[in-house]
Amino acid sequence: MGTAAGFRNLANRAMSFNGTNSVAVVPHSSLLSPSNISIVAVVKTTGFYSGTCQGNNIIYKSYAYYTPGCWAMHLTEDDGNCNTVSPTTVKLDYAGSSSGSYTLSSNTVDTGKWYFMVTTFNGSTIKRYMVQMIDTVYTSGITPISTTSFSAAIGTNTDDVRIGGTQNPPFRYWFNGAMDELVLFNKELADSNVQSIYDYLWGLININFTNRSLLRGDTLHVNYVPVNPTLYSAGNVFSIELSNAAGSFSSPTIIGSLTSTVAGKIICTIPTTIPTGSGYRIRIVSSNAASRMPDNGVNITVTNSISKISLLHNTTLLPNPNNGSFTLTGNTLSTQPIHTQVYNSIGQLMFTKDIAPANGAIKETITLPEVASGIYVLRLYVAEDVKTIRFRVDK
């Protein structure tokens, strides 16, 4: 057993199994004999087992399938024949403590592709989920691909857990491929839980952007949150892309970027040269690991009008110059908190604070900690509105 690149081609993120003798063993524990169970895996096969009954063991606890205390996630040929090799019929299945009438879906497993797989058992029902993991295609609304009524309790045994093969000589079911993730839960996962786990493993980045009307030349502030920050390595760049006026990203325009591996805010500018239109979309992409998210889901209208109601107005900073302490006043049409940032003359962030407006009024005294004399910039963000005020500190 060795290591391999995982989903999204990140080096050494997966275990590799050679299909002939690779196996990982987890010693028996009573914790591994639950009454309900869910098994989650992200796997890619490079070939299928061709021995008797053509199984492919991902993980199981038992000596043999369908015996007391057994639970297993495996890939099996759905041809009803233990002697005929039919690799085009391989499907995801769960093996319990006794054999039964298992009805599988029409979804088959292909070699060379990553899959997100989940099997659950709640004491009366087996559910199977399977989604192909494609780094540029996000899947929402995940539901079971098949469901089977099965009332045999899991029970207990003292066998170890084996990953990648079984200990039953007639049916070794060696797994040939790579496993990126393998997780056990001592409960039945709901569809929403399965979706959340998929979001995490796929690497969903949520963006907060609700404005549906923009001007050419507008500056906007896009908040983003990676569901799984561990996917991203040093030097990663998050970028906001703008589609064309028809919503196509065949040749997107980058309107803002930020070098980071964690949640943050990206300052973007709508180009003044793009055509006006009502079908624009935005999306976020990353560079390391490379990923591309779904778009914002609603059309954005871009116009060339000069009339725009600002959410921030009559904003003043006094005194200016000051000694590092000043009072910010103004008005806002928004009820959202106003995010403030202060930068020095070389672009370093010196201070940040969220201010809650009171009945549309802004009044806040800000004292900057240990700042030197010089020119500073205060930026105020609310929704997608941004205001900038320059001021000087004299000490």
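Of the residues making up region 76-85, just one is surrounded by fewer than 15 Cβ atoms within 10 Å (Cβ to Cβ) and either of a type in the set (Ser, Thr, Tyr) or assigned to a strand (DSSP E or B) (or both), namely Thr84.
Of the residues Ser257, Ser233, the single one that is of a type outside the set (Phe, Trp, Tyr) and part of a loop (DSSP other than H, G, I, E, B) is Ser233.
Does Ser251 satisfy the condition of being in a loop (DSSP other than H, G, I, E, B) and without any contact (Cβ under 8 Å) to a residue 40 or more places away in the chain? Judged against the criteria, Ser251 is a match. Return only the number of the condition from (1) closer than 30 Å to Val137 by Cβ; (2) over 35 Å from the mean Cα position of the chain (by Cα) that Ile362 does not satisfy. Result: Ile362 passes all but (1). Answer yes or no: is there a residue in region 55-75 that is more than 29 Å from Ser98 (Cβ to Cβ), surrounded by 16 or more Cβ atoms within 10 Å (Cβ to Cβ) and either basic (Lys, Arg) or assigned by TED's automatic domain parsing to the domain that holds Asn236 (or both). No, region 55-75 contains no residue that is more than 29 Å from Ser98 (Cβ to Cβ), surrounded by 16 or more Cβ atoms within 10 Å (Cβ to Cβ) and either basic (Lys, Arg) or assigned by TED's automatic domain parsing to the domain that holds Asn236 (or both). Selection of region 236-248 for residues being surrounded by 14 or more Cβ atoms within 10 Å (Cβ to Cβ) and assigned to a loop (DSSP other than H, G, I, E, B) yields Asn236, Ser243, Asn244, Ala245, Gly247.
Does region 303-319 contain any residue that is in contact with a Gly (Cβ under 8 Å, 6 or more places away or on another chain), modelled with pLDDT of 85 or more and crowded, with 16+ Cβ neighbours inside 10 Å?
Step one: of region 303-319, the residues in contact with a Gly (Cβ under 8 Å, 6 or more places away or on another chain) are 312-316.
Checking the rest, the ones that are also modelled with pLDDT of 85 or more come to 314-316.
Cutting the leftovers down to crowded, with 16+ Cβ neighbours inside 10 Å gives us 315.
Scanning region 303-319 turns up at least one residue that is in contact with a Gly (Cβ under 8 Å, 6 or more places away or on another chain), modelled with pLDDT of 85 or more and crowded, with 16+ Cβ neighbours inside 10 Å.
Under the condition of being of a type in the set (Asp, Glu) and under 27 Å from Thr3 (Cβ atoms), which residue from region 152-196 is farthest from the chain's Cα centre (by Cα)?
Our first condition is that a residue be of a type in the set (Asp, Glu); within region 152-196, this holds for 159-160, 180-181, 188, 191.
Okay, now just the ones that are also under 27 Å from Thr3 (Cβ atoms), so 159-160, 180-181.
Working: Asp159: 35, Asp160: 32, Asp180: 15, Glu181: 14 Å.
That would be Asp159.
Take region 260-283 and flag every residue that is of a type outside the set (Val, Ile, Thr), under 22 Å from the mean Cα position of the chain (by Cα) and in a strand (DSSP E or B). Matches in region 260-283: Gly264, Lys265, Arg283. Every condition in (1) in contact (Cβ under 8 Å) with a residue 60 or more places away in the chain; (2) in contact with a strand residue (DSSP E or B) (Cβ under 8 Å, 6 or more places away or on another chain); (3) not in a strand (DSSP E or B) is met by Asn56 except one, and the failing one is (3). The condition of being in contact with a Pro (Cβ under 8 Å, 6 or more places away or on another chain), touching a residue at least 40 places away in the same chain (Cβ under 8 Å) and within 30 Å of Asn206 (Cα to Cα) holds for only one of Tyr129, Tyr115, that being Tyr129. Exactly one residue out of Val393, Val377, Val371, Val386 is within 20 Å of Cys268 (Cβ to Cβ) and out of contact with any His (no Cβ under 8 Å at 6 or more places or on another chain), and it is Val377. Comparison of Ile346, Ile366, Ile300, Ile282 shows that the only residue that is without any contact (Cβ under 8 Å) to a residue 12 or more places away in the chain and either in the same structural domain as Ser243 (by TED's automatic domain parsing) or under 28 Å from Tyr224 (Cβ atoms) (or both) is Ile346.
Restricting attention to region 1-44, the residues being farther than 20 Å from Tyr94 by Cα, part of a strand (DSSP E or B) and of a type in the set (Ser, Thr, Tyr) number 2.
Only one entry in Ser140, Ser149 is among the hydroxyl-bearing types (Ser, Thr, Tyr), over 16 Å from the mean Cα position of the chain (by Cα) and either more than 22 Å from Leu31 (Cβ to Cβ) or not assigned by TED's automatic domain parsing to the domain that holds Ala14 (or both), namely Ser149.
Taking region 90-109 as the region of interest, how many residues are under 30 Å from Arg13 (Cβ atoms) and either free of Cβ contacts under 8 Å to residues at least 60 places away in the same chain or in a strand (DSSP E or B) (or both)?
Of the residues in region 90-109, 10 are under 30 Å from Arg13 (Cβ atoms) and either free of Cβ contacts under 8 Å to residues at least 60 places away in the same chain or in a strand (DSSP E or B) (or both).
Of these, Asn193, Asn176, Asn168, which one is closer than 30 Å to His28 by Cβ and either of a type in the set (D, E, K, R) or touching a Ser or Thr at 6+ places or on another chain (Cβ under 6 Å) (or both)? Explain how you work it out, then say what you get.
Details: Asn193 fails: either of a type in the set (D, E, K, R) or touching a Ser or Thr at 6+ places or on another chain (Cβ under 6 Å) (or both); Asn168 fails: either of a type in the set (D, E, K, R) or touching a Ser or Thr at 6+ places or on another chain (Cβ under 6 Å) (or both).
Answer to the selection: Asn176.
Just to be sure, is Ser140 surrounded by fewer than 16 Cβ atoms within 10 Å (Cβ to Cβ), under 23 Å from Asn193 (Cβ atoms) and at pLDDT below 95? Reasoning before the result, please.
Values: surrounded by fewer than 16 Cβ atoms within 10 Å (Cβ to Cβ): yes; under 23 Å from Asn193 (Cβ atoms): yes; at pLDDT below 95: yes.
Yes.
The values are calculated or read from the model by the stated rules, or taken from the named source; none is laboratory data. Quantities reported herein were computed from a predicted structural model and do not represent experimental measurements. Counting neighbours? That spans all protein chains shown, and the Cβs are built from the backbone with ideal geometry, glycine included.
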